[in-house]
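This report concerns only the one structure given below.
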């Protein structure tokens, strides 16, 4: 998409840099409060509970050793005290992880947002004001293709080329025992650089777009439709296939697994699945009430609290789907009037309303990422790692979905910036509409993933 | 979408779609939380939960695709573009029946080839 000669002042781009600073500040404050201050307190509690558990365990072990306690009797007071202390220790550990991971994730997300919007804004603000190639002889509706998507795709290819070493380098930052393989790291970093330049140029071309010059398809069957819209739908078609492979792989394997669900749903089990000893644990066994993962008392660890992050995330995505619909509806409504009362103060103008609906969508999506990683940290702490087949398909499928959410959030960040500067109205609202299609698709994918991986 | 959207009880279709999605999500979670129908002693079986999850998923999926993604108001080629990959999804799900060890004998006949050589093997 081309700006068609409508230039945006460099100072406007500098607002992106200021926005990056604001986002980074929020991230640092969030990290300091949740990830450091609260998490440290929770860590002390965890340590206390750990010592308490160690004492209870020693007492029970001593009792078993001197014969005063029956080691296989789970109604022994010492056994009960030990297991209660163990449960308390696990709860304290998970509580610590909640705040620590939430804080670190907030910092990471804020850093990524700030880098993305700040670097893009800085690169565009630094550009010399180019010559306007559109003189009066050119039709205002003349279409202008953009090379940015192709450069962007090339950047992704280069990045993926060096991805394995990039991952090792990231691990080395977190773990002293890992040595970074620098061989292909330069390649992946070059890929990232190409991506940033392409995205920055893409913005440069799109920001001044106020609705003139949208490319229209001229041939059957999409004659008269916006080419961007058709392209988006073809993209969604390919995305359905991506998620279908995860989903069908999971179902294929799931039909063979001896899960508690399969066992209870069959009369007396089936070959290779005749008793509780044969059960394999899926993510839902840790998360949903009545799952197969048991504590020391034989009670399921899954309850309201373990399913809560997934539940909140489901509602967050649905609400965010609605807020982006509201943003589009508001942008398209030329007769929009400010609501009365508190909402009127929040949204005094149509421009502010669109921006604030987009910010709400951005915050809900960010909440999704934070809760997703908190939930993952709990699962890993309880032993559900990527090292098993059940863990592998769970983390890959939900991780791929989370990546889609995160990429959507980076695009939304730009939409917030555009809504705050140039603004959206009935002429150029298709930017929100086409992004909304992608965002609704991400919601749609979650509608399948959530019941399949969390509830089933 | 726009200012001329038809209203139902003073609210547009997007609002009601949003409400339906929220309520059905609650219903979906409730089906997993309760072992018996609240207020009764009727057990909620695994098969019932499975059926609820599938039906709720279909309703929610339709709500998102038809109203939020506007497919209901789009011309048929956008609908075809959206529905086309589902053919492959169906094929892959059918493949579960084909490749499952119990596929020949353990699954319903409609999702297995029931090749005679496979049963004799």
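Could you list all residues from region A:419-437 that are facing chain B (nearest Cβ under 10 Å) and in a helix (DSSP H, G or I)? So that I can check it myself, show each step before the final result.
So the first thing to find is which residues in region A:419-437 are facing chain B (nearest Cβ under 10 Å), and the list is A:426, A:429, A:433, A:436-437.
Answer for region A:419-437, where residues must be facing chain B (nearest Cβ under 10 Å) and in a helix (DSSP H, G or I): A:433, A:436, A:437.
For the list (1) at pLDDT 90 or above; (2) at the interface with chain B (Cβ under 9 Å from one of its Cβ atoms); (3) within 30 Å of residue A:53 (Cβ to Cβ), I need the number of the one condition that residue A:290 fails.
If we test residue A:290 against (1) at pLDDT 90 or above; (2) at the interface with chain B (Cβ under 9 Å from one of its Cβ atoms); (3) within 30 Å of residue A:53 (Cβ to Cβ), just (1) comes out false.
Is one or more of the residues making up region B:90-106 modelled with pLDDT of 90 or more, within 7 Å of chain A (Cβ to nearest Cβ) and not in a helix (DSSP H, G or I)? Break it down into steps so the answer makes sense when it comes.
Start the filter on region B:90-106 by keeping residues that are modelled with pLDDT of 90 or more, which leaves none.
Looking for residues that are modelled with pLDDT of 90 or more, within 7 Å of chain A (Cβ to nearest Cβ) and not in a helix (DSSP H, G or I), one finds none in region B:90-106, hence no.
Would you confirm whether or not region A:341-361 contains a residue that is assigned by TED's automatic domain parsing to the domain that holds residue A:279 and under 13 Å from the mean Cα position of the chain (by Cα)? Before the answer, list the steps.
Here is the first cut: in region A:341-361, the residues assigned by TED's automatic domain parsing to the domain that holds residue A:279 are A:341-361.
Next, only the ones that are under 13 Å from the mean Cα position of the chain (by Cα) stay: A:361.
The answer is yes; a qualifying residue exists.
Can you say whether residue A:273 is under 21 Å from residue A:397 (Cα atoms) and in the same structural domain as residue A:400 (by TED's automatic domain parsing), as far as the supplied structure shows?
Numbers: under 21 Å from residue A:397 (Cα atoms): no; in the same structural domain as residue A:400 (by TED's automatic domain parsing): yes.
No: the conditions fail for residue A:273.
If you take the residues in region A:249-279 that are at positive phi and more than 12 Å from chain B (Cβ to nearest Cβ), which one is surrounded by the fewest Cβ atoms within 10 Å (Cβ to Cβ)?
First, pick out the residues of region A:249-279 that are at positive phi: A:268-269, A:272.
Among the residues that remain, those that are also more than 12 Å from chain B (Cβ to nearest Cβ) are: A:268-269.
Numbers: A:268: 7, A:269: 17.
Only one residue tops the list, namely A:268.
So residue A:384 ticks every box in (1) in a helix (DSSP H, G or I); (2) surrounded by 20 or more Cβ atoms within 10 Å (Cβ to Cβ) but one. Which box is left unticked?
Condition not satisfied by residue A:384: (1).
Evaluate region A:383-395: report whether one residue or more is touching a residue at least 24 places away in the same chain (Cβ under 8 Å), within 14 Å of chain B (Cβ to nearest Cβ) and closer than 26 Å to residue A:238 by Cβ.
Yes, the conditions are met somewhere in region A:383-395.
Got a number for residues in region A:291-342 being under 29 Å from residue A:454 (Cβ atoms) and in contact with a helix residue (DSSP H, G or I) (Cβ under 7 Å, 6 or more places away or on another chain)?
To start, the set of residues in region A:291-342 that are under 29 Å from residue A:454 (Cβ atoms) comprises A:291-327.
Next, only the ones that are in contact with a helix residue (DSSP H, G or I) (Cβ under 7 Å, 6 or more places away or on another chain) stay: A:291-293, A:295-297, A:301-302, A:306-307, A:309-327.
Of the residues in that region, 29 qualify.
Taking region A:53-83 only, how many residues are in a helix (DSSP H, G or I) and surrounded by fewer than 18 Cβ atoms within 10 Å (Cβ to Cβ)? Full working, then the answer.
At the first step, the residues of region A:53-83 found to be in a helix (DSSP H, G or I) are A:53-65, A:77-83.
Restricting the remaining residues to those that are surrounded by fewer than 18 Cβ atoms within 10 Å (Cβ to Cβ) gives A:54-55, A:57-59, A:61-62, A:64-65, A:77, A:80-81.
Looking only at that region, the number is 12.
Tally up the residues in region A:246-297 that are assigned to a loop (DSSP other than H, G, I, E, B) and free of Cβ contacts under 8 Å to residues at least 60 places away in the same chain, please. Lay out the reasoning, then the answer.
The first filter runs over region A:246-297 and keeps only residues assigned to a loop (DSSP other than H, G, I, E, B), leaving A:255-259, A:266-269, A:271-272, A:274-275, A:279-282, A:288-293, A:295-297.
This time we only want the ones that are free of Cβ contacts under 8 Å to residues at least 60 places away in the same chain, so: A:255-256, A:258-259, A:266-269, A:271-272, A:274-275, A:279, A:289-292.
Going through region A:246-297 one residue at a time, the tally reaches 17.
Look at residue A:386 and say whether it is closer than 25 Å to residue B:17 by Cβ and touching a helix residue (DSSP H, G or I) at 6+ places or on another chain (Cβ under 7 Å). Spell out how you get there, then give the answer.
Values: closer than 25 Å to residue B:17 by Cβ: no; touching a helix residue (DSSP H, G or I) at 6+ places or on another chain (Cβ under 7 Å): yes.
No: the conditions fail for residue A:386.
In region B:24-47, which residue that is outside any loop (DSSP other than H, G, I, E, B) and in contact (Cβ under 8 Å) with a residue 12 or more places away in the chain is farthest from the other protein chains (Cβ to nearest Cβ)? Walk me through how you get there before you give the answer.
The first filter runs over region B:24-47 and keeps only residues outside any loop (DSSP other than H, G, I, E, B), leaving B:24-33, B:36, B:43, B:46-47.
Cutting the leftovers down to in contact (Cβ under 8 Å) with a residue 12 or more places away in the chain gives us B:24-25, B:27-28, B:31-32.
On the way: B:24: 10, B:25: 5, B:27: 11, B:28: 6, B:31: 8, B:32: 5 Å.
Checking each candidate, the answer is B:27.
Of all residues in region B:48-78, which are more than 15 Å from the chain's Cα centre (by Cα), in a helix (DSSP H, G or I) and facing chain A (nearest Cβ under 10 Å)?
Taking region B:48-78 and keeping what is more than 15 Å from the chain's Cα centre (by Cα), we get B:67-78.
Of the ones still in play, those that are also in a helix (DSSP H, G or I) are B:67-68, B:71-73, B:76-78.
Once the filter is applied, which keeps residues that are more than 15 Å from the chain's Cα centre (by Cα), in a helix (DSSP H, G or I) and facing chain A (nearest Cβ under 10 Å), region B:48-78 yields B:67, B:68, B:71, B:76, B:77, B:78.
Which residues, counting only those in region A:302-318, are surrounded by fewer than 19 Cβ atoms within 10 Å (Cβ to Cβ) and over 15 Å from the mean Cα position of the chain (by Cα)?
Answer for region A:302-318, where residues must be surrounded by fewer than 19 Cβ atoms within 10 Å (Cβ to Cβ) and over 15 Å from the mean Cα position of the chain (by Cα): A:303, A:304, A:305, A:308.
Would it be correct to say that residue A:57 is over 30 Å from residue A:208 (Cβ atoms) and touching a residue at least 40 places away in the same chain (Cβ under 8 Å)?
Details: over 30 Å from residue A:208 (Cβ atoms): yes; touching a residue at least 40 places away in the same chain (Cβ under 8 Å): no.
It is false that residue A:57 is over 30 Å from residue A:208 (Cβ atoms) and touching a residue at least 40 places away in the same chain (Cβ under 8 Å).
Would you check if there is a residue in region A:341-351 being in a helix (DSSP H, G or I) and in contact (Cβ under 8 Å) with a residue 60 or more places away in the chain?
Initially, region A:341-351 is screened for residues in a helix (DSSP H, G or I), giving A:342-346, A:350-351.
With the extra rule that they be in contact (Cβ under 8 Å) with a residue 60 or more places away in the chain, the set shrinks to A:350-351.
For region A:341-351, residues in a helix (DSSP H, G or I) and in contact (Cβ under 8 Å) with a residue 60 or more places away in the chain: present.
The values are calculated or read from the model by the stated rules, or taken from the named source; none is laboratory data. Keep in mind the model is a prediction, meaning the values are calculated, not measured. With ideal geometry, Cβ positions are generated from the backbone for all residues, glycine too; neighbour counts draw on all protein chains shown.
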